[in-house]
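Peer 1: Please find one structure pasted underneath; my questions will follow.
The numbers here are math on the coordinates, done by the rules we state, and not lab data. Bear in mind the structure is a predicted one, so any value in this text is a computation, not a measurement. Every residue, glycine as well, gets a Cβ built from its backbone with ideal geometry; the counts of neighbours run over all protein chains shown.
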C-alpha cells in the first residue's frame, strides 16, 4: 500500500503524535551529543540574552562598557583556550549584536528560564522544531483543508519530524533558525487562509509577519503575498495588519533604539560581498570565489534565478506563495556568502512546503527525497567517508538548487495554475474536496 493511500490518523492524533515524536527524537539526540552545547552559536545566544537581562543594549557598543566587559569576562572564564566569541571586547560586541531584535528578545527570555544551563537552552530550542511542525500543519490546512489525507501527513512527517538536516543542523548542532522557518510558514498560512473579516485575526496576521521580519529579516519575502491579499480585501485588511505589525516594531525601538538598524544593514552587506563560506554552493568554485569575477557572476546567477521565478509566475505556472519561497531560496542559498546549512535550510524547507499548493504528489516526493538524500549523505559522507559536514551540506544545497529549479520548470510544462480555480485568486490553487 502506498503512503498516499494508507489510512491516515485523525488530525488531532497526527498533531499530538507529531509533537511527541519531535520531542522524543530531539531529546535522544541532545543526550547523545552533550558536547555541542559548547559550540559557538548557543554560547552567542546565551551571551546576547545575558546582555539584555543585564540592562545593556547589545547593539550600542558604547552602552555601559564596564558591564559589557564583565559579561564577556564571565563567559570567557568558562572556556579553556582561545575562543572567537570572548577573545576580546570587540569580538564579544560583534557577536552579541549579530541577530535582529526579535531573536535577541527570545534569547533573553530563554536565558531567564535557563539560568546559564546550556542543556536547558537545548531543551528550549526544541520549541523551534515544534513551531515549525505547527507551521507546516497550519499551511497545509490553509490550502488543503482538514489534515486528513495520508499524503499530506506523510509529507509533513518527513519534512518537519524526521528530516535529517533539521535534526543535524538545528538539534545535534544547536540552532534557533527553525523559529524563522516557522514564522514564514505561519505567515504564509495566515495570508492564504480563507477570508475571515475578524479584527483580531488581522491584527494577529500583522503581528506574525512583523515578527518574521524582526527575527532573521526573511519575513520580508512574504511582502508580495501580503500585498496581493491587501489589494483583494481592501483598506481594512491593510490597516489592521499594519497596526498588528507595528507592535513588535515599536517594542524593538523602545528596547534597542535605532542602533540595530545600522548593525543589520552592515551584516547584510558583509555577508554578501566577501567570499563564500561554510556550506555555500559557491565553495565548489574556489578559483571563482577568490577572483574579481565572483561578485558579478553571483549577481548574474541570482538575477537569472529570480527572473526565472518571475517568468513562471507571469505564466501562472507557479503561484505567488512559490514565487515568495523561491526568492527566499535565492537569497539564503545563492546570494548570502555565509551559507551555513541551518540558514540555507530556512529557504529549503519553506520552498519544499510551498510545493504543496502546486502538486501534493510532488510535495510528498520532495519530502521523501529530502529524508533519503540527506540520510544517505550523512551516513555515507560523514559516517563512512569521514567527509567534513559542511562539505556534505554544500553537496546537498547544490543538489537542492538544481532539483528545485528543474522541478519548477517541469511543472510549467505539464500544468498551469488556473487563476479562476481558487477563491484566493493568484494566492493559491483550489482546495481539493
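Peer 1: Would you order 294, 94 from fewest to most other beta-carbon atoms within 10 Å of each residue's own beta-carbon?
Peer 2: 94, 294
Peer 1: Which label belongs to the value computed from this structure, given these candidates for Cα extents along the principal axes in Å: [x] 135, 50, 41; [y] 63, 55, 51; [z] 65, 55, 41?
Peer 2: Computed from the coordinates, Cα extents along the principal axes in Å corresponds to [y].
Peer 1: Relative to a virtual label point 7 Å from the Cα of residue 10 in the Cα→beta-carbon direction, which members of the range 140-161 show backbone nitrogen distances below 17 Å?
Peer 2: Backbone N within reach: 146-150.
Peer 1: I need 158, 367, 306 ordered by Cβ neighbour count within 10 Å, fewest first.
Peer 2: On the way: 158 22, 367 27, 306 18.
Result, fewest neighbours first: 306, 158, 367.
Peer 1: When the label point is put 7 Å from the Cα of residue 247 along its Cα-to-beta-carbon vector, which residues of the range 110-143 have a backbone N closer than 19 Å?
Peer 2: Taking a point 7 Å out along Cα→Cβ of residue 247, the residues of the range 110-143 whose backbone N falls under 19 Å are 135.
Peer 1: Hey, another quick one. Between the range 91-150 and the range 157-220, how many Å separate their Cα centres?
Peer 2: Centre-to-centre (Cα) distance: 9 Å.
Peer 1: Mind sorting 191, 401 by how few other Cβ atoms lie within 10 Å of their own Cβ, fewest first?
Peer 2: On the way: 191 26, 401 21.
Sorted ascending by nearby Cβ count, the order is 401, 191.
Peer 1: Using the alpha-carbon atoms, what tilt in degrees (0 to 90, nearest 10) does helix 199-216 show relative to the longest principal axis of the chain?
Peer 2: Long axis of 199-216 versus the principal axis of the chain: about 50 degrees.
Peer 1: Over every pair of different alpha-carbon atoms in the range 67-109, take the mean of 1/r and invert it; report that Kirkwood radius in Å.
Peer 2: Details: mean 1/r = 0.0902 Å⁻¹.
Computed over the range 67-109, the radius equals 11.1 Å.
Peer 1: Helix 389-414: angle to the longest alpha-carbon principal axis of the chain, degrees 0 to 90, nearest 10?
Peer 2: 20
Peer 1: Can you give the FRET efficiency to the nearest 0.05 for residue 292 and residue 148, using r as the Cβ-Cβ distance and R₀ = 60 Å?
Peer 2: Efficiency computed from Cβ-Cβ geometry: 0.60.
Peer 1: Moving on. How long is the gain from residue 62 to residue 274 if the chain were fully straight, where each residue apart is worth 0.36 nm and the alpha carbon distance is subtracted?
Peer 2: Numbers: separation 212, 0.36 × 212 = 76.32 nm, distance 2.71 nm.
Stretched out fully, the residue 62 to residue 274 stretch lengthens by 73.6 nm.
Peer 1: If I fit a long axis through the Cα atoms of helix 177-192 and take the longest principal axis of the Cα atoms of the chain, what angle between them do I get, 0 to 90°, rounded to 10?
Peer 2: The angle comes out near 30 degrees.
Peer 1: What nm distance separates the two modelled labels at residue 315 and residue 376, each placed 7 Å from Cα along Cα→Cβ?
Peer 2: So the two model labels end up 2.9 nm from each other.
Peer 1: Right, here's the next one. Using all alpha carbons of the range 285-387, what is the percent of pairwise distances in each 5 Å bin, ordered from the shortest bin to the longest?
Peer 2: Result returned by the calculation: 2, 12, 15, 18, 19, 16, 11, 5, 1, 0.
Peer 1: What full-extension length gain, to one decimal in nm, is calculated for residue 285 and residue 70 as 0.36 nm per residue of separation minus the Cα-Cα distance? Don't skip to the end; give the middle numbers.
Peer 2: Values: separation 215, 0.36 × 215 = 77.40 nm, distance 4.31 nm.
Answer, rounded to one decimal: 73.1 nm.
Peer 1: Oh, and also: Compute the distance in nm between two label points, each set 7 Å from the Cα along the Cα-to-Cβ direction, one at residue 23 and one at residue 365.
Peer 2: A separation of 3.7 nm, rounded to one decimal place.
Peer 1: Could you tell me the calculated FRET efficiency between residue 406 and residue 258, based on Cβ-Cβ distance and R0 = 41 angstrom, to the nearest 0.05? Display every interim value, and only then the final one.
Peer 2: Numbers: r = 44 Å, r/R0 = 1.07.
With a Förster radius of 41 Å, E is 0.40.
Peer 1: Once R0 is set to 45 Å, what does the formula 1/(1 + (r/R0)^6) return for the Cβ-Cβ distance between residue 199 and residue 303, expressed as a FRET efficiency to the nearest 0.05?
Peer 2: Details: r = 41 Å, r/R0 = 0.90.
Calculated transfer efficiency: 0.65.
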